[in-house]
Amino acid sequence: MTQPIIQLKGFDKFFGDFAALSQVDLDIKTGEFFSLLGPSGCGKTTLLRSIAGFEIPSAGSLYIDGKTMEGVPANKRPTNMVFQSYAIFPHMSVAENVAYGLKARRLPKAEITTRVAEAIAMVGLEGFGDRASHALSGGQRQRVALARALVLKPRVLLLDEPLSALDKKLREQMQSELRRLQRAVGITFVLVTHDQEEALTMSDRIAVMFDGKIAQVATPQALYGQPCSRRVANFIGMMNFLDAKILSTSGDTVEVELQSLGKLALPLSQATGGIEGCNFAGVRPEMLTILTGSQTAEREIEVVVSEVFYYGDMTYYDVRLPFKEEPITITMRNTAGRAVLAVGENARMGWSASSLLLLK
Amino acid sequence: MLGRGHFFKWYMGIFLVFLYAPAILLPVFAFNDSSVVSFPLKGFTTKWFAVLQTTDSLHVAVRNSLMIAVTTAIFSTLFGVLAARASTRFSFPGRRSIMGFIMLPMVLPEIIIGVSLLVVIIQIGFELSLWSIILGHILICTPFCIAILSSAFMNLDQSLEEASFDLGQTRWNTFWLVILPLVMPGIVASLLIAFTISLDEFIIAFFLAGTEPTLPVYIWGQLRFPQKLPSLMALGTILLVLSISLLLIADYFRRRGVRKTGIENSGGFL
C-alpha cells in the first residue's frame, strides 16, 4: 500500500469559540487531483491554509509525505499555493515573479533562467516574460501564479478557488487546462471550490464539507451516484426527494412506504449512507422519464405538468404527483420527433426502484 | 445675467490670488534695489543674495534646521512604518484607542506640546539642545507619517506576503523584497511631509532651542531689524524655490512608482 501524501488526523481549528474545522480525518493520495468542495464558511479554505502552514491547528496532526508538519513553517513545507487573488507581485515582471521562489532557494542563475523559461512555456505564456505583471489579464495572472508555484516542483500544489475570478468561458478553458497541467507534471493538486460542477469535471476524488466536518469523500461518479446524505445529494447536482418511511428490514432488503409511490422493497445497498434514520427517498431528475405513446417503464405513475423549462438540448419538467405538494423535476433530452409537453397536460412518468436512494 | 459658473470662476480667481500673491511678492522684493520693502520698485539687484552668503549666523541656523529636519523625517517615518504595520496587520486589544492616542498630537496645539516638553526636559535635567527640538518634532510629525503610511499599508494585499512566504522566502526578506518596494511611495511621501513640517516649525523650536536657533527662529529674530528685511525676502525666495522643486521631484518619483507597480495611488499630494 502506498503512503498517502497528505494525512490529517483528528484535525481541529478554532477561531475563538467558532470551530472552523472539527475532527477532520483525511488521506490524499500521491498524484491525484483532489477537491475540497462545500458552501462558503464550511472550512475548506481553512483546511487548505492549514496544509500550507498559514493556520496552526488547535488539535490533531498533519503529515506530508509521512513527515509531521508540526512546527514546520509555510516556507519550509513541500507545498505551494495559488491564491484566490493570485497574489502576483505587482512590482515585478512575469519572469521575476516566476523566478521568485527559485531565487529564495539560491539556485545558480543559469538554472533559474532555464527553469523560468520552461515554466512560462508550460502555462502558455511564451513571450510574456518581460511583461509588467500589472498589465496582465485575469487569465494571464492565473497562469503566472501557476507557473510561479509549479516551477518549484512542490510535492503538493494547493489551489484556493483559482477560477472564481474568471468569466464563464475562461473558467471552462482553465478547467481543462488545469487538468492537463496536473497530468503533465504529475504533482498532487488540492483544489478548494464551492462550484460542484468544477469539482466534478476536474477531480479524481472530492471531499464534501459542511460546517467544518467532512461529509463524504468519493470519486465524482460515486459522489453523484451514491451520496451519503440528503445534504450532500442536494449540493451535488439536482435531486428530487420524497418522504419515506422504513417499515421493516430483513436480510438485504428493506420495505419502505414512499410518498405518492406506495410501498416497495429495495435492496439495503440503496441506503447509501446506512439505513439508520433514513426518512427520504431521492431520485435524480434524469433517472425519471416522461412516457409517450406506447412506451412503457418498470413502474409508471400519472402526473400533471406544472412547469416547463426549455433549454434547447434539454427540457426540464416540473410535474406534480398525487399526494405531494412540491413538484418534482424531470430532465428529458430533446430527441428528434419528441414533442415538448405544455403546462397543465397530463403525462405518464416512468421510474424504476433501482434508481431510488434512501437518505437521511 | 451672471450664472453659477461665473460666480465660481470669480471665487476661484480671488482664492488663488489670496493664496499665491504674498508668495509672489517674495521674489519681487528679493530682487528690488532698496532696503525698504515697499512699492514702487527701485531697480534690479542680486545684492541681497550676496548678503545671505556672508551671514555666518544664518548658515549655522540653516545647518541646524536641515540636521533637525532630516533626523526628524527619518525617525518619524520609521516610527510611522512600525505603527502603520502593526495597526493594519495585527489586531490586538485596544488597537483603536491606542491608535487614537498616537494620532492626538496632530490636533494638540503646538504651544502646549512646546511648554510641556520644556517643563519635562528641565525637570529631568537635560540640557536644551538640537536633540530636544528633534524630540518635539518627532512627536508632532509621527502622527502625520502614520496617517500617510497606514493608507499605504492598507492598500497592500495580505496574500502577497503569504505568497512570498509560501514560495520559500523568509519573513525578513519578504519585508525587503515585497512589502517595502510596494509601500515605498508612501515612505517617500512620509519623509517629505515630516521634513517639511520640521523645517518650518517655529513654536516648539523656539521653546526648546537653547542657544542654537533653527532657521525659523533665526528669521523671527532678524525681523527686529528693518534693514535685514530685503535679505530675508531673498532667503524666503530660495526656500520657496527649494520646497516647490522638492515637491515636484517627490511627486515625479511617486508617479513613476505608481506607474511601475500599478497599485493603488497611496499618499500623494499633487
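Using a Förster radius of 22 Å, what is the FRET efficiency between A:Lys109 and B:Trp172 based on their Cβ-Cβ separation? Nearest 0.05, please. About 0.45, to the nearest 0.05. Cα convex hull, the stretch B:56-261: 143 Å³ per residue, rounded to a whole number. Here's the picture: charge each Lys and Arg Cβ at +1 and each Asp and Glu Cβ at -1 in the protein assembly as shown, and of A:Phe235, B:Ile133, A:Leu8 the one pushed furthest to the positive end of that dipole is B:Ile133. Longest stretch of chain A clear of exposed loop sites (chymotrypsin sites (Phe, Trp or Tyr not before Pro), DSSP loop, at most 15 other Cβ atoms within 10 Å, sites excluded): A:1-310.
Taking every alpha-carbon pair within the protein assembly as shown, the share separated by more than 44 Å comes to 48 percent. Using a Förster radius of 25 Å, what is the FRET efficiency between A:Thr335 and A:Glu302 based on their Cβ-Cβ separation? Nearest 0.05, please. E between A:Thr335 and A:Glu302, to the nearest 0.05, is 0.60.
Note on B:Lys47: aspartates and glutamates with a C-alpha under 14 Å away, same-chain residues under 8 apart excluded, are B:Asp33. In degrees from 0 to 90, rounded to the nearest 10, what is the angle of the helix A:168-185 Cα long axis to the longest principal axis of chain A? The helix A:168-185 is inclined about 60 degrees to chain A. Inter-chain Cβ neighbour count for A:72-82, averaged per residue, equals 3 (cutoff 10 Å, partner chain atoms only). Counts of other chain beta carbons within 10 angstrom of each beta carbon in peptide B:172-183 average 2. Counting only alpha carbon atoms, the long axis of helix B:130-154 and the longest principal axis of chain B meet at about 50°.
Loop-located chymotrypsin sites (Phe, Trp or Tyr not before Pro) in the stretch B:53-94 (DSSP state other than H, G, I, E, B) with a sparse environment of at most 16 neighbouring Cβ atoms within 10 Å: B:Phe90. Note on the stretch B:11-68 and the stretch A:311-360: Cα centroid distance 91 Å, given to the nearest whole angstrom.
Note on A:Lys245: lysines with a C-alpha under 20 Å away, same-chain residues under 8 apart excluded, are A:Lys263, A:Lys324, A:Lys360. Net length available on complete extension from B:Glu127 to B:Ile249 is 40.2 nm, with 0.36 nm assigned per residue and the Cα-Cα distance removed. The packing ranking of peptides B:160-168, A:226-234, highest mean first, is B:160-168, A:226-234, where packing means the average number of other beta carbon atoms within 10 angstrom of each residue. When the GluC sites (Glu not before Pro) in the stretch A:76-149 are filtered for DSSP coil states and for at most 16 other beta-carbon atoms within 10 Å of their beta-carbon, the remaining sites are A:Glu126. Seen from A:Val94, the other residues with C-beta closer than 13 Å to its C-beta sum to a net charge of +1, counting Lys and Arg as +1 and Asp and Glu as -1.
So, R0 is 35 Å and r is the distance between the beta-carbons of B:Ser35 and B:Val115; what FRET efficiency does that work out to, to 0.05? Efficiency, rounded to the nearest 0.05: 0.40. Among the residues of A:100-106, the average count of other protein chain beta-carbon atoms within 10 Å of the residue beta-carbon is 5. So in the protein assembly as shown, what percent of DSSP beta bridges are antiparallel if you round to the nearest 5? Around 75 percent antiparallel, to the nearest 5.
Taking a ≥ b ≥ c as the square roots of the Cα gyration tensor eigenvalues, the stretch A:1-92 comes out rounded, since a/c falls below 1.5.
For GluC sites (Glu not before Pro), the sites in the stretch A:225-280 that DSSP calls loop and that have at most 10 other Cβ atoms within 10 Å are A:Glu276. By the rule of a C-alpha distance below 14 Å, with chain neighbours fewer than 8 residues away ignored, no aspartates and glutamates are paired with B:Lys9. Each DSSP beta bridge with both residues in chain A is either parallel or antiparallel, and the antiparallel ones are about 75%. Put simply, when B:91-102, A:194-205, B:241-252 are sorted by average Cβ atoms within 10 angstrom per residue, most first, you get A:194-205, B:241-252, B:91-102.
Each reported figure results from applying straightforward, stated rules to the coordinates on display, with no laboratory input. Keep in mind that this is a model prediction, so the values were computed, not measured. Note: ideal-geometry Cβ built from the backbone for every residue, glycine included; neighbour counts use all protein chains shown.
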